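First up is the structure itself, then whatever we jot down about it.
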Amino acid sequence: MKPDMFRQPVSILVGLGFPLDIRSVMDAYRHLVEWPASLRDAAHSIALKACGAALRGEIDAETARGLFAAFAEKHDLLAPDPNAIASPGLRGDRGPRVR
């Protein structure tokens with residue numbers, strides 16, 4: 001595995017709510033660089049600096065991932081977990097057993 005790859009992707013919503021998996025520090029860095037200047041804040045700055053540091057090998061990718069995920073959460077970008085919203089019948093649960 002490449003050193004900038006995340007163990008687990010960060011799923012964010014882009015455009016009209018389409019999910020996108022951010023799988024690496026470089027993916028996160030690109031997303032942060034493209035973030036509109038008028039919406040940038042401290043969370044953006046911290047995540048961008050962390051991604052830059054990870055790309056230079058100064059910190060590990062998982063640290064940058066955590067800070068990117070915090071940025072995404074603050075800006076309501078995190079995609080919902082599909083397992084959390086699936087109906088019980090879709091996960092294999094059949095409800096309570098009647099004996």
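The values are calculated or read from the model by the stated rules, or taken from the named source; none is laboratory data. If you're wondering where the values come from, they're calculated on a predicted model, not measured in any experiment. A quick note on method: Cβ atoms are made from the backbone with ideal geometry, for glycine too, and the neighbour counts reach across all protein chains shown. The accessibility values were calculated without ligands, DNA or RNA, using every heavy atom of the protein model including side chains. Shrake-Rupley method; radii C 1.70, N 1.55, O 1.52, S 1.80 Å.
Numerical summary
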read-out	value
Residue list for the stretch 60-92, restricted to those being more than 18 Å from the chain's Cα centre (by Cα) and either at pLDDT 95 or above or polar (S, T, N, Q) (or both)	Ser87
Single residue of Leu16, Leu48 found to be modelled with pLDDT under 95 and of a type in the set (A, V, I, L, M, F, W, C)	Leu16
Boolean, Ala72 is open to solvent by 50 Å² or more (accessible area, probe 1.4 Å) and of a type in the set (A, V, I, L, M, F, W, C)	no
Selection count where residues are without any contact (Cβ under 8 Å) to a residue 12 or more places away in the chain and either assigned to a loop (DSSP other than H, G, I, E, B) or open to solvent by less than 80 Å² (accessible area, probe 1.4 Å) (or both), scope the stretch 21-36	3
Residue identified as free of Cβ contacts under 8 Å to residues at least 60 places away in the same chain and within 16 Å of Ala70 (Cβ to Cβ) among Arg40, Arg7	Arg40
